Structure formats: structure tokens, C-alpha cells
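These notes are about the structure you will find just below.
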Amino acid sequence: MPWVCALLLLVSFAARAQPAAPRLLSDSPEYCAELAGRFAALGAEAPVHLRVLADEGRQLCVEGQTRSGIAKLRRALKEAQRGD
């Protein structure tokens, strides 16, 4: 009978686990927009140099240079979250 308790416990944990919403991780304009939105959510908390970096990234995305734009946006987000 101990295996029944273990099975019930496992099922209850599995039932509570909610899969996270999938995140878009590609070199697409949609991913650029997602990153730009995440950076914008930081608001004025982000240092000026990181806001400039994020603006450069957004501009590159608008110009169709998504890989470079994403790289700058990700860097700005990462440094802002670290507190640089």
C-alpha cells in the first residue's frame, strides 16, 4: 500500500504543475516586440545607457536587422535585471 500513497502524491503534484506559457525565441520581429515590451515594462528604473541600448535595438528591428536588434535588446534587459 505505500506505493499507492506515493502514486497519489505524484499525481497530486502533477495536477498542480501548470505548464508555463511558451516563450517565443526566434529571430523574428515578434520576438523583437516581445523584448521591447519587456524592457518598456521596466520603465524609468533602467539606467539611461541601457535605455539607449534598447532604443538602438528597437530601431535595428524596425530596419529589418532583427538579429542585431534582438542582441541589443537582450543585453539591455539582462544588464537592467542585474542592476548594472
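Residue 44 falls short on exactly one of the conditions (1) aliphatic (A, V, I, L, M); (2) modelled with pLDDT of 90 or more; (3) surrounded by fewer than 16 Cβ atoms within 10 Å (Cβ to Cβ), and that condition is (2). Please find, within the range 61-84, the residue that is surrounded by the fewest Cβ atoms within 10 Å (Cβ to Cβ) out of those that are under 13 Å from the mean Cα position of the chain (by Cα) and under 11 Å from residue 27 (Cβ atoms). Only one residue tops the list, namely 71.
What number of residues within the range 36-52 satisfy the criterion of being free of Cβ contacts under 8 Å to residues at least 24 places away in the same chain and assigned to a helix (DSSP H, G or I)? Qualifying residue count for the region: 7. Restricting attention to the range 57-84, the residues being part of a loop (DSSP other than H, G, I, E, B) and among the charged types (D, E, K, R) number 2.
Could you count how many residues in the range 29-41 are surrounded by fewer than 20 Cβ atoms within 10 Å (Cβ to Cβ) and either β-branched (Val, Ile, Thr) or over 20 Å from residue 83 (Cα atoms) (or both)? Spell out the reasoning first.
First, the residues of the range 29-41 that are surrounded by fewer than 20 Cβ atoms within 10 Å (Cβ to Cβ): 29-31, 33-34, 37-38, 40-41.
Filter once more, keeping what is either β-branched (Val, Ile, Thr) or over 20 Å from residue 83 (Cα atoms) (or both): 29-31, 33-34.
Summing the residues that are surrounded by fewer than 20 Cβ atoms within 10 Å (Cβ to Cβ) and either β-branched (Val, Ile, Thr) or over 20 Å from residue 83 (Cα atoms) (or both) in the range 29-41 gives 5.
The values are calculated or read from the model by the stated rules, or taken from the named source; none is laboratory data. Please read these numbers as outputs of a predicted model, since none were measured by experiment. Cβ sites come from the backbone with ideal geometry, for glycine too, and all protein chains shown count toward neighbours.
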